[in-house]
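Structure first, then comments.
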Amino acid sequence: MVRVQCIVYDKANDVKYVLDGYDYSYDILGVEDGKLIVKEVGPYGYGHPLTETQGTVVIKNNRLRFVADPDSLTKGLIVYEKVWSETGGKDKEVSTVTILRHGEEVYSGFSSEIKIESASDSEIVLKIEGCLVEPNADGTIDMRKEPLTEITIQRDQTITLKSQTMDAGVTLEITYK
C-alpha cells in the first residue's frame, strides 16, 4: 500500500509542515482563492471502501490539518466554532475531522480540549476536558453546572456546546455525518 503525504514548506521560516493521516493519502489538486485544494483518500487497511473527500489544509497548533469541504464530507465530524465576547464575536469557523480514531483531536481552545474516545457507524463518543457544557433550552449557560467530561453524538445529529465563561467564550456546533 502506497500512501501519499502532503508537505507544505514555509520558506520564510524554513519550516516543513507534513500532513500525514496515517491511513490516508493526500493529493494536491490546485490552488483556488489563495487556498491549497487537497483530496483525501482513505482509510486504507480496514476493509472499508475508500472514500474521497475534497478540502484544504490549515496550520493549527503548529500542525498541518486537513479541513474537508462540508459539502463533500461523507463521514466525519463537522465542527463550527463561534468565538464571542462582550464587545462582539467572530463569525463561525469550520473545521472537520475525517480520521475517526481513538485519541484524535476534535477541538482545542478556551482551556478546553475534545478528543475522540470511540467511533462506530451509528455514534461517536467524545472525551471532553475543560469548561464546556450543553446550553439551557433558551441558549443561556448554567455557571454552576458540572462541565461535561464525555458526550455521545448519534449519526446525523448536531450538538451545541458552550464554554462556561462570562466575558468571552466559544460556542461549538458538532455534527456527526
Original post:
Cα gyration tensor of region 117-177, axes a ≥ b ≥ c as square roots of the eigenvalues: rounded (a/c below 1.5), prolate (a/b > b/c) or oblate?
Top reply: prolate
Original post:
aspartates and glutamates within cross-link reach of Lys35: Cα-Cα under 16 Å, excluding same-chain residues under 8 positions apart?
Top reply: Asp10, Asp27, Asp69, Glu93
Subject >> For the chain, size of Cβ-based charge dipole, Lys and Arg +1, Asp and Glu -1, in debye >> reply: 320 debye
Original post:
Among the lysines, which fall within straight-line cross-link reach of Lys115, defined as a Cα-Cα distance under 23 Å, with same-chain neighbours fewer than 8 residues apart omitted?
Top reply: Lys60, Lys75, Lys82, Lys92, Lys127, Lys145, Lys162, Lys177
Subject >> Cβ-placed point charges (K, R +1; D, E -1), dipole of region 73-177 about Cα centre in debye, nearest 20 >> reply: 200 debye
**OP:** Calculate the length of the line joining the C-alpha centroid of region 154-177 to that of region 122-140, in whole Å.
**Re:** 6 Å
**OP:** Rounded, prolate or oblate: pick one for region 62-177, where a ≥ b ≥ c are the square roots of the eigenvalues of its C-alpha gyration tensor, a/c under 1.5 means rounded, and failing that, prolate if a/b is larger than b/c, else oblate.
**Re:** prolate
Original post:
Which whole-Hz couplings ³J(HN,Hα) result when phi for each residue of region 143-154 is put into the Karplus expression 6.51 cos²θ - 1.76 cosθ + 1.60, θ = phi - 60°, listed in order with x for Gly and Pro?
Top reply: 5, 8, 5, 6, x, 5, 10, 7, 8, 10, 10, 7
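Every number here is computed from the coordinates shown, using simple stated rules; none is lab data. Computed from a predicted model, the values in this text were never measured in an experiment. Heads up, the Cβs are rebuilt from the backbone with ideal geometry, glycines too, and the neighbour counts pull from every protein chain shown.
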